[in-house]
Structure formats: structure tokens, C-alpha cells
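Working notes, structure below.
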Amino acid sequence: MSSKAFHQLAPFVQEFIYRQRWETLRPFQSEAITVILGAPQHVLICSATASGKTEAALLPIITKLHEDPPQSVGALYIGPLKALINDQFLRLEDLLEDSGIPVQSWHGDVSQSQKTRFLRRGRGILQITPESLEAMLMRRHIDLRRLFGDLRFVVIDEAHALLASDRGRQVICQLERLARLNPQPFRRIGLSATVGEPELAMRWLKGNTTLPTCLIESSSRSRFELALEYFRLPKSEQEEESDQSQPPDEVGRPLSEFASRKPLSPHGDALTLPHHEEGGNIALSQLTTDPAVYYEHMHALTRSAAKTLIFANSRNEVEAIGLALRNISEREKLPDTYHVHHGNISAALREGTEDAMRKPDAPACVAATVTLELGIDLGQLDQVIQVNATHSVSSFVQRLGRSGRRGGKPARMFFYCTEEDDDPAHIGAEMPWNLLQTIAIIQLYVEEKWIEPPLIPRLPTNLLYHQTMSIVYAHTELKPPQLAQRVLSLSPFAQVSPDHFRALLRHLLEIDHLQLAENGGLIIGYSAEKLVNNYRFFAVFPDKIEYRVREKTREIGTIQMLPEVDDSFLLAGRVWRVLHINYEQGIVEVELAQGIAGNLWKGEGPDIHSRVLQRMRQLLQSDDEPIYLKERAKPRLRLARATAQRADLLDNALLPLANERFLLLPWCGSRQFVTLMELLRESYACDYLDVPGALACLRGLLDMD
């Protein structure tokens, strides 16, 4: 290897590259190495999944730490998932074997004895989750300068999964709190596969620092193969709730009841129950098939490749897929190579699944949620299957990049779009929204390379409360001006005025979350002591109550709703019967069972961008048929277009369907849709506003930019 960047690396790092049999560094890796080894600046590295972003950052960082050993932790690696940290930890151990640079992972699954050893003499590289870093800032305040006083680098992995969320803003607050301990600014290295607007990501990464930020993007064109098939399935007897898929439609209601309704899917809000005749060159009923055919089709596809990763948008659907494919293999006397992976399965079972996918010569297929969307190394994947639409273009790109990449093979992704065969309650319910959303998301990336830009709120009030309480807890007591200076100087709160903050403090004093000490300092109030002392406070996002599932001494995973004794449910791709429930400890004891069972989780709807809805509308207006559509998907798209044209769905956002009942199709994203609903409710709440007035108000709102 003769590149200039390669020869800048430490000799033991060069030896590691030789052992890995890398023929050359990728251009973006060479550029990253040169930049990180050069003048101080922050760096945002954007490249496809499994393309070597982590190595592009860590190889030069390790070289710098080797040449000039720091007196504290020299590099902090922040990962959004424990599994991702564990994966990177194993890769780092091999690289650092001969370097003398220690590496330690730190999260909820790491033993206390390992953490205690690290605390005695923190050096080298620390890998940590945002929640564990928050706990360290709050509970180990007196140790922070000793642990991080000579911090040189912070690597933020999977930055795109953080930057548009309160969790990502929490990370920036944490880094700026750490920066107060350092005489010299440390450098931030962001790693991301998909960023819609790199400038916003660079601004997020820089925060309130003065160092410039450099963008390094991979210029290589990835090759991929796509296919999409459609299945219309009989209505399931059990209603399931999705983690990310659309909220269910409601039956129509009179406009007079509209003010009390909950917001529905941005794909359309139906307010009536009309009957509509089918049109097009094929009847909708002709596309209905038995679920067994659907699962057998998927089973055959997974058997055509050694390594397959199946993504679904809910834990419920992941469990159903895993059980169905396993049952088909058992019936056909084929080896059971199927696994299930999501956040409610125990760490031991998840790690076993990841190990099975890494074995190069053993076939394996895993059905997963977002837990395997991020950059955990699963070895060489032959194909990815996606069931129904991803919730975003970014998620589609991330999942597409899980296959291919190595050996020059193209990424392969097969989509299954499903629809329930049910008597439609209204004209909007006749549309195959999942199919349309899937095609729109694919086309936005294939045609325009468009990815959702991050949304940065001006006033992140929940994070403001969280960091205020965290800082008071860490310092035990602070005068109001000291607290205001420490909180409002954090970059996520740049738009929070001193008056806003004073109002917050007055409110916290009123509800006893803060108390005023005799000397005028602020301390944690009695009403908040239990809250801030609970480990759940470390996470800025809402925490769900979960119950542990155990088979004898083996942990299986967790569920969110308690069953009854003798009930059966799905978890880890198998059916379990409840033997006993320990209500005090929240433990459900189970045994393996047979048959069909449901799931015990709740879910929330996704946040869909307006561009996706607008592209769906454009798709219905067009006659083009994407080449990746398979035999059943093409006629369903044609039928949807005929229905939209006949019902005038494309030119009118508000369609009258019956007396005081309407179909609302604003073709806008989730946030705009919910805002529109709230504005309509607020307008209709006026006593003097009659139905014609409400309709005029709604049409006015729909005409707003």
C-alpha cells in the first residue's frame, strides 16, 4: 500500500491494515486520515454503511494518541446503541493489541468491577452511550477533570440517528459541559451514512466551539438492485400496534364531532363511510391471496441467499415473520436458520443472533427492527428484505446499505408491500398507502438523491428541564445566575431568553422540583429527588414500563403489557405460555408452547416528511411504472391511479362525501398535518362558527404555505 495517508499512520496500525489484507484505503479514508492528523478542526465523515467510516476516524486518532499519550481519557467514542459499542469494542481490541492504549466500554451491561478498575486510572479510549455519559456527568462530577482533563477527540457514531432528536442535542450539551474542564478544545468527529443537509449536521457538530468543521464525503457511486412485490392479505383477527407504521384510520364522523378527534395519518383523514365501485383493468379482489402464499414466497426468497436481513417496522411484525418462516422450515424438514432481533429481546439472544450472521459459511436469516439498521458489523450480507414502507428515505438508504459493499457486489433489496383485504370504510381507505409511500421513498432517492433534512427546534423545552436538573444535581447547589450561565451557554438553548429561563425556574420552585436554600442557592427539591435519582432520568426520551420474560434461569426479553397466567404470546420468534407472574419484581415466567399467539407491545406512528407525501401525489398523477415493480405490484398501482383520478383525490384536498362528512387529503407531512388538525379544532371550537364557516376556515388553512 503506497498512499501518503497510509504512511502517516503508526507502524502498528499499518501492520493491522496488512493483517486485514486491505489492498488500498478508500479515497475518503485517505482524506479523513490526512485531515485528522493535520490542523485542529472538527470533521463530519459521510459514507455508506459498512464502507469503513469508523476506521477512517479511529486509525488516525489512535496514531495521535500513540505518538503523544494523554494524561486522561484521550478519545471518547459515543454510540447510540449498546450493541454497536460492543461490536466496535471487539474490533478495537484487535487493533490496539500491540499499542499499549487501553480501551473500555461503559454502558448498562458492563460489569461494575470493570467500571471500578477504569475509574482508578482512566486512560486511552472510552466507549459510552449518551445515557451513561449523562450518569457520569451527574454522579461523578468530582472525577470528571481527572478522567477527561486531557481529552483530545470525541467520535460520535451514527450521527444521523442523533442530530434531529433531543438525544442528539443532549449529546451536544454533554460535550459542552465536558469542554469546560479542558484547557484546550477537543475535536469532534461525526460519522454518518445518511445526512439530508450536511451544513446543518456540521453546525450541530460544531455547537458553540470556535474550531472550523470539515466535511468529508465518499464520492463512490454505490450499485444496487431493487424489486418490489405486493400482497393483499385477508384481514387479521388480531389488531397489532406498530412501532413506526401508520396509525390506523378511523371510521368517518360528522364535522360537529371533529373538534374532539385525535390526529390521524398524514396520508388522509377520512370523515365518512361511502361505498365505491372498483375500477381499472383488474379487480382488487383478484389480488387477494392467502397469508401462507405470502410467507412461502418470503421463505423461498430467503433460501435463495446465504445471509438475509429482513426489516419490518414493528416488533409485532418481526415476531410474526420469524415464527412463520421457522414453521415453514420445520414443516419442510429444513434446517432452522431463522432469528429475531429487536430491543425487547435479551442481550444474550441478540448477541447470539449477531454471531450467527457473522459466521461466513453458515446460512442465516434474521428478522429485525431498527436495532440492526445502524452500523453493527454483520459480515457479508447477500440481500435485505423490507416489509412495507420505511418511515423515511434516510432509513431506506441505511437499510439498503447493509447488503453488498464487499467484493464489488451490488446492494440488493426486496420490498414486500402488504394491504388488508377489508371492506373500505371510505374512498381514502381504498388506496394502497404503503405501496405508494414505498415507491415514493425509493424514487426520491434514486431520482434526486434526496434525504430528509434534520429538524432543529428553537425551544427544546423538555431538554431544557432535563439539563437544568442534571446540572443542579451535579453541583449540589448553584445560585440562579450561576445556573443560568451554565445552562443558557449550551448551544441547543441559544434561542432561550433569560426571561424564559426565569419563568422555568419560578415554575420549578412552585412545584418543588427546585428549592431555594437559606443562602439563596438552588437545590433539588423534595418532589424531584426520586425522579433524578432514578436511572431512567439519564435518558432524555420517554421511558416505557416493561416486564422481564424468563424461562427458568434464561432471560428471553421484555414485554410492555402484562398477560394472564396460561396466556400465550410471541417473543424472540417463538410462542411462550405464561406459568407465573411476579408482580412485585415485574417478572413473567414462561415455558415454550405451540400454536399461534399475539404480541404485548405498544407503538407510535412515524414522522413522515411532506416531500414523501408530495411524491406520492406525483406518482398517482404519472403513467410511469418503475422497472423494479413485480407482477402483482404493477396492477395495484394502476388501480390506485384509476381510483384517484375517478374520485378527484389529486386536485381537491377537501372532498365532500356525505352530509357534514368529508375526506381530508392535504398531502403534507406528519407535523404539518397535526398542526392543521389542531388549527381546525381551535377554529371550530368557536360557538359562532357554523358548518359552512368551518369548511371555509379549513379551505383557507389548506391554501396556506
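If we keep just the residues of the stretch 343-376 that are closer than 16 Å to PHE311 by Cα and part of a loop (DSSP other than H, G, I, E, B), which is most open to solvent (accessible area, probe 1.4 Å)?
GLY343
Just to be sure, is GLU447 over 29 Å from GLN170 (Cα atoms) and either open to solvent by 40 Å² or more (accessible area, probe 1.4 Å) or of a type in the set (A, V, I, L, M) (or both)?
Details: over 29 Å from GLN170 (Cα atoms): yes; either open to solvent by 40 Å² or more (accessible area, probe 1.4 Å) or of a type in the set (A, V, I, L, M) (or both): yes.
Taking the combined requirement at face value, the residue satisfies it.
Would you mind stating whether SER111 is surrounded by fewer than 22 Cβ atoms within 10 Å (Cβ to Cβ) and closer than 26 Å to SER218 by Cα? Can you show your working first?
Values: surrounded by fewer than 22 Cβ atoms within 10 Å (Cβ to Cβ): yes; closer than 26 Å to SER218 by Cα: no.
Criteria not met by SER111.
Which is open to solvent by less than 60 Å² (accessible area, probe 1.4 Å) and either of a type in the set (A, V, I, L, M, F, W, C) or at pLDDT below 85 (or both), of ILE608, ILE627?
On the way: ILE627 fails: open to solvent by less than 60 Å² (accessible area, probe 1.4 Å).
It is ILE608.
Could you list, in sequence order, the residues of the stretch 301-313 that are of a type in the set (A, V, I, L, M, F, W, C) and surrounded by fewer than 24 Cβ atoms within 10 Å (Cβ to Cβ)?
So in the stretch 301-313, the residues of a type in the set (A, V, I, L, M, F, W, C) come out as 301, 305-306, 309-312.
The answer is LEU301, ALA305, ALA306.
Only residues that are surrounded by fewer than 21 Cβ atoms within 10 Å (Cβ to Cβ) and in a helix (DSSP H, G or I): list them for the stretch 642-666, please.
Answer for the stretch 642-666, where residues must be surrounded by fewer than 21 Cβ atoms within 10 Å (Cβ to Cβ) and in a helix (DSSP H, G or I): ALA642, GLN645, ARG646.
Checking the structure you have, find out if any residue of the stretch 46-60 is touching a Lys or Arg at 6+ places or on another chain (Cβ under 6 Å) and either open to solvent by 30 Å² or more (accessible area, probe 1.4 Å) or modelled with pLDDT of 90 or more (or both).
yes
Which residues, taken from the stretch 507-530, are within 14 Å of LEU464 (Cβ to Cβ) and open to solvent by 80 Å² or more (accessible area, probe 1.4 Å)? Steps first, please.
If we filter the stretch 507-530 for residues that are within 14 Å of LEU464 (Cβ to Cβ), which is where we start, we get 507-508, 513-514.
Passing the criteria: only HIS507.
Sort through GLN14, GLN71, GLN29, GLN41 and tell me the only one that's open to solvent by 30 Å² or more (accessible area, probe 1.4 Å) and either in contact with a Leu (Cβ under 9 Å, 6 or more places away or on another chain) or aromatic (Phe, Trp, Tyr) (or both).
From the options GLN14, GLN71, GLN29, GLN41, the qualifying one is GLN41.
Counting only residues that are open to solvent by less than 30 Å² (accessible area, probe 1.4 Å) and at pLDDT 80 or above, which one in the stretch 667-686 is farthest from PRO454 (Cα to Cα)?
Across the stretch 667-686, the extreme among qualifying residues is TRP667.
Search the stretch 85-109 for residues being among the aliphatic types (A, V, I, L, M) and farther than 16 Å from PHE16 by Cα, and hand back the single one that is modelled with the lowest pLDDT. Let's see the steps before the verdict.
The first filter runs over the stretch 85-109 and keeps only residues among the aliphatic types (A, V, I, L, M), leaving 85, 90, 92, 95-96, 101, 103.
So of that shortlist, the ones also farther than 16 Å from PHE16 by Cα come out as 85, 103.
Details: ILE85: 81, VAL103: 87.
In this case the residue turns out to be ILE85.
Grab the strands (runs of 3 or more DSSP E) fully contained in the stretch 1-107, keeping just those with 1 or more residues being over 30 Å from GLU197 (Cα atoms) and aromatic (Phe, Trp, Tyr). Lay out the reasoning, then the answer.
Working: elements: 42-46, 73-78, 103-106.
Per the criteria, 103-106.
Taking into account only those residues within the stretch 552-587 that are buried (at least 20 other Cβ atoms within 10 Å of the Cβ), of a type outside the set (Ser, Thr, Tyr) and touching a Lys or Arg at 6+ places or on another chain (Cβ under 7 Å), which is modelled with the highest pLDDT?
Among them, the one singled out is ILE556.
Go through the stretch 175-192 and give me each residue that's in contact with a strand residue (DSSP E or B) (Cβ under 8 Å, 6 or more places away or on another chain) and either surrounded by fewer than 18 Cβ atoms within 10 Å (Cβ to Cβ) or closer than 12 Å to PRO130 by Cα (or both).
LEU175
If you go through the stretch 208-217 one residue at a time, how many are in contact (Cβ under 8 Å) with a residue 60 or more places away in the chain, touching a Pro at 6+ places or on another chain (Cβ under 8 Å) and assigned to a loop (DSSP other than H, G, I, E, B)? Write out each step before concluding.
Step one: list which residues in the stretch 208-217 are in contact (Cβ under 8 Å) with a residue 60 or more places away in the chain, which gives 208-209, 211-217.
This time we only want the ones that are touching a Pro at 6+ places or on another chain (Cβ under 8 Å), so: 209, 211, 215, 217.
Now drop any that are not assigned to a loop (DSSP other than H, G, I, E, B), which leaves 209, 211.
Going through the stretch 208-217 one residue at a time, the tally reaches 2.
Go over the candidates ARG574, ARG617 one by one and state the one that is within 18 Å of ILE559 (Cβ to Cβ) and charged (D, E, K, R). Show your work before the answer.
Working: ARG617 fails: within 18 Å of ILE559 (Cβ to Cβ).
Selected residue: ARG574, the only one of ARG574, ARG617 that is within 18 Å of ILE559 (Cβ to Cβ) and charged (D, E, K, R).
Yes or no: the stretch 687-694 includes at least one residue that is modelled with pLDDT of 80 or more and in a helix (DSSP H, G or I). Explain how you work it out, then say what you get.
First pass over the stretch 687-694, keeping only residues modelled with pLDDT of 80 or more: none.
No, the stretch 687-694 contains no residue that is modelled with pLDDT of 80 or more and in a helix (DSSP H, G or I).
For ASN316, only one of the following conditions fails: (1) within 19 Å of THR558 (Cβ to Cβ); (2) open to solvent by less than 20 Å² (accessible area, probe 1.4 Å); (3) touching a His at 6+ places or on another chain (Cβ under 9 Å); (4) assigned to a helix (DSSP H, G or I). What is its number?
The one condition ASN316 does not meet is (3).
Only one of ASP98, ASP87 is open to solvent by 20 Å² or more (accessible area, probe 1.4 Å), touching a residue at least 60 places away in the same chain (Cβ under 8 Å) and closer than 20 Å to PHE118 by Cα. Can you tell me which?
On the way: ASP87 fails: open to solvent by 20 Å² or more (accessible area, probe 1.4 Å).
Only one candidate passes the filter, namely ASP98.
The rows are residues; the columns are (1) under 24 Å from SER392 (Cβ atoms); (2) without any contact (Cβ under 8 Å) to a residue 24 or more places away in the chain.
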site: GLY598; (1), (2): no, no
site: GLN614; (1), (2): yes, no
site: ASP624; (1), (2): yes, yes
site: LEU629; (1), (2): yes, no
site: ARG661; (1), (2): no, no
site: LEU676; (1), (2): yes, no
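Counting only residues that are open to solvent by less than 80 Å² (accessible area, probe 1.4 Å) and not in a helix (DSSP H, G or I), which one in the stretch 482-506 is farthest from PRO457 (Cα to Cα)? Break it down stepwise before answering.
Taking the stretch 482-506 as the starting set, the residues that turn out to be open to solvent by less than 80 Å² (accessible area, probe 1.4 Å) are 483-484, 486-494, 496-498, 501, 503-505.
Narrowing the set further to residues that are not in a helix (DSSP H, G or I) leaves 489-490, 494, 496-497.
Values: SER489: 17, LEU490: 14, ALA494: 11, VAL496: 11, SER497: 15 Å.
Only one residue fits best here, namely SER489.
The values are calculated or read from the model by the stated rules, or taken from the named source; none is laboratory data. Small disclaimer: the values here were computed from a predicted structure and weren't measured. So basically every Cβ, Gly included, is an ideal-geometry build from the backbone, and we count neighbours across all protein chains shown. SASA here: full protein model, heavy atoms, side chains in, ligands and nucleic acids out. Shrake-Rupley method; radii C 1.70, N 1.55, O 1.52, S 1.80 Å.
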